[in-house]
Each structure stands twice: as structure tokens, then as C-alpha cells.
1. Residues that are among the polar types (S, T, N, Q), part of a helix (DSSP H, G or I) and surrounded by 13 or more Cβ atoms within 10 Å (Cβ to Cβ): does region 106-126 have at least one?
2. Consider A98 carefully, then state whether it is of a type outside the set (S, T, Y), part of a helix (DSSP H, G or I), closer than 24 Å to A153 by Cβ and within 17 Å of the chain's Cα centre (by Cα).
3. How do the pairs read when you match residues in region 192-216 that are surrounded by fewer than 16 Cβ atoms within 10 Å (Cβ to Cβ) with residues anywhere that are at pLDDT 85 or above, using Cβ under 6 Å and keeping only pairs 6 or more apart or on different chains?
4. Given (1) in contact (Cβ under 8 Å) with a residue 12 or more places away in the chain; (2) under 20 Å from V150 (Cβ atoms); (3) not basic (K, R), where does S230 come up short, assuming only one miss?
5. Could you list, in sequence order, the residues of region 43-66 that are in contact with a helix residue (DSSP H, G or I) (Cβ under 8 Å, 6 or more places away or on another chain), open to solvent by 60 Å² or more (accessible area, probe 1.4 Å) and in a helix (DSSP H, G or I)?
6. Would you check which residues across region 296-314 are open to solvent by 70 Å² or more (accessible area, probe 1.4 Å) and outside any loop (DSSP other than H, G, I, E, B) and list them?
Amino acid sequence: YQLIDPPPADGVPGIADKLYDDCTFEGVVAQAVALVQSQQRALFEACLPAIQGNHALALFLMQHVVHDLLSSNTPLKDLGNLSASLASLLDSSKHETAQAVFSLVDDMIQRRENAQGDIQVSRTVDTKTRDKLISRIDHLRKPISNRAIVGAAMRCGAHARALRFLEEAIIDETLAKGISPFDCPSVGEEDCLLLQSVYRDLDEADGVLGALRIGPSTATMRTLQLEQASRWQDAQACYEEQLAAGSSEHLGRRAVICGLVRCSQNMRRFESSLRLVHGMAEEDGIGTGLRPFAVEAAWQLSSWDRLEQALGMPACDSE
């Protein structure tokens with residue numbers, strides 16, 4: 001408490017106002033402290049200089065500030081602005097920044113569950129207090145959508161968290177349409193592919209197959225199901241059908257070519273796959289995704305000249 005300066009006079013900006021910056025987590029913490037109306041604000045402001053470069057302390061302080069804001073009469077408009085700043089941090093290139101927002105979301109979810117689970121309410125005033133708290137939590141949580149958390153979690157490699165919030169997003173969106181997501185589960189192709197990707201990263205083979213089975217009846221879904229069942233010849237036929245039909249999207253065409261090569265190699269047809277790779281290597285944007293297949297085929301064939309040639313192919317961004 002010896003670090004606490006006297007409160008600034010009316011109209012004079014305090015330290016929280018000076019440190020405000022919605023582009024960094026520490027700046028958003030300062031934004032939140034500036035909204036505090038209780039006597040705790042002086043203590044929170046005294047801690048602000050110490051959070052610079054100390055992410056753990058910044059998160060610890062933010063959790064206490066959010067608790068104070070939820071329990072006070074801070075205007076909902078100010079809470080909405082704070083929430084928008086937190087949501088924007090999910091796009092940060094720094095993983096620890098997004099993870100700090102994840103921790104705050106977990107804390108809000110836990111507070112809401114605790115409030116809803118409190119059945120020992122015997123007075124009307126207690127009911128109003130609980131409803132007010134839940135309403136304020138929902139208002140603070142609203143801009144931080146489940147979809148935004150999924151995108152940030154995928155970028156951070158937090159696949160379990162991405163799966164949790166993706167499932168919640170799908171359920172909420174389905175219920176909003178007046179449809180039960182459990183009676184007849186069905187998701188769009190984009191969500192299906194995302195679910196499959198998450199389950200694959202989590203090494204959950206059953207989850208990958210389940211995600212494919214609740215997807216739409218499209219050529220892409222049918223092909224992926226055949227691959228998952230190791231029916232490589234049938235999958236190759238589906239890829240050839242898609243290639244013959246033509247793809248309007250270049251990235252889609254590259255995925256089809258990679259699928260053809262993958263099927264050939266899983267059937268141990270390395271010579272055929274290598275010829276296909278060399279045939280497509282000159283096509284702009286296609287060859288960059290075929291380098292791993294060319295290297296594998298040349299290695300299996302013990303063709304060292306072609307292996308050296310494959311290693312000289314341009315690599316894709318993920319390699």
C-alpha cells in the first residue's frame with residue numbers, strides 16, 4: 001500500500017488511463033482498471049507498472065479486476081468496450097496473449113456455472129443479485145465468440161480447447177435454428193473438415209471417422225471416408241472423378257492432386273505417383289505441395305537421382 005499514490009483529481013488522467021492500449025494484454029488490463037469504481041482501483045493502479053513484461057502477474061491482476069467489474073455497477077457499455085478489446089487480442093500473433101484471454105473466458109464460464117448452480121437462494125434479493133451477475137457475465141462474454149476462440153486455439157495448437165468450443169458453437173447454432181443437434185446430428189462441410197483436422201491432431205481415429213459420418217453427402221466427404229477406411233482404390237476413383245469434373249478453386253485442385261498421389265503411394269505404386277508428381281511439378285502452385293510425396297517415392301524406389309531432384313523442389317509453407 002505504500003506504492004499507492006493519492007487518487008488523481010477530477011479530470012486528471014490516472015496511471016491506468018496513461019497505460020491504456022488495446023493492442024496488448026497489459027494495455028487492456030489498464031483499460032479494465034480504468035473502469036473500476038471501487039476503492040480497489042488505487043491498489044490495482046499501483047500494480048500496473050509491475051505488470052510490464054510480467055504476463056503472469058498481468059493475468060492475475062486482470063482476473064481480480066474482472067471480478068470487481070462484474071460485482072459492481074460498471075455501465076454495460078464500458079463492459080462491452082472492454083470485451084471487444086479482449087476479443088481483438090485473440091488475433092494476436094503472441095500465443096501467450098491469446099492464452100490469457102482463454103484463461104479469462106474459463107474464469108467467466110466457471111463463475112456463471114457457480115451462479116447457476118447456487119440453489120440455496122431463499123430471498124428475492126439473492127435471486128436478483130444472481131441474475132444480475134449472470135447477465136453481466138453474458139454481456140462481457142458475448143463479443144468473445146466460440147468461433148473466435150476456435151480460430152485462436154487452432155493457431156496456438158490448443159486442439160482440445162478448439163474442439164470444445166467448436167462443439168459448443170455447433171450446438172448453439174443448431175439450437176438457434178430450433179433443431180436438436182442430438183436427434184439428427186449434421187454439420188456443414190467446413191465444420192466437418194475442421195472437426196476432422198482437430199481429431200487428427202489429437203490422434204483420435206474414432207473422432208475423425210465420426211466427424212466424417214455426420215458431414216454432408218458430398219464428393220469430398222465420401223472421398224475422405226474412403227481414405228479413412230483405407231479403401232485407396234475407391235478413393236482414387238473419387239479423386240479422378242473430381243479432377244475430371246474440374247475445380248474452380250486452385251487450392252481445391254491442388255488438394256485433389258495430392259489426394260491422387262497419396263492414394264497411389266498407399267497402394268505401393270511409387271513409380272506411378274512419381275510420374276504424376278513430375279507431370280504436375282511445372283504447374284504453378286501445385287508442385288509446392290507434392291515435394292514430400294516425391295521424396296517418399298524416390299526413396300522407396302532407391303532412385304537417388306530422382307531423390308536429389310525431389311529435394312530440390314520448392315517446399316510448401318508448412319514444411
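The values are calculated or read from the model by the stated rules, or taken from the named source; none is laboratory data. These figures come from a predicted structure and were not determined experimentally. Please note: Cβ atoms are built from the backbone with ideal geometry, for glycine as well, and neighbour counts cover all protein chains shown. Only protein heavy atoms, including side chains, enter the accessible area calculation; ligands, DNA and RNA are left aside. Shrake-Rupley method; radii C 1.70, N 1.55, O 1.52, S 1.80 Å.
1. From region 106-126, those among the polar types (S, T, N, Q) are 110, 114, 116, 120, 122, 124; that's our starting set.
Restricting the remaining residues to those that are part of a helix (DSSP H, G or I) gives 110, 114, 116, 124.
If we keep only those that are surrounded by 13 or more Cβ atoms within 10 Å (Cβ to Cβ) as well, we get none.
No, region 106-126 has no match at all.
2. On the way: of a type outside the set (S, T, Y): yes; part of a helix (DSSP H, G or I): yes; closer than 24 Å to A153 by Cβ: yes; within 17 Å of the chain's Cα centre (by Cα): yes.
It is true that A98 is of a type outside the set (S, T, Y), part of a helix (DSSP H, G or I), closer than 24 Å to A153 by Cβ and within 17 Å of the chain's Cα centre (by Cα).
3. D201/H159; L202/H159
4. For S230, the failing item is (2).
5. As a first pass, look at region 43-66 and keep what is in contact with a helix residue (DSSP H, G or I) (Cβ under 8 Å, 6 or more places away or on another chain): 44-45, 47-52, 55, 57-59, 61-66.
Now narrow it down to the ones that are open to solvent by 60 Å² or more (accessible area, probe 1.4 Å): 49, 52, 64.
Matches in region 43-66: P49, H64.
6. Answer for region 296-314, where residues must be open to solvent by 70 Å² or more (accessible area, probe 1.4 Å) and outside any loop (DSSP other than H, G, I, E, B): E296, W299, Q300, W304, D305, E308, Q309, L311.
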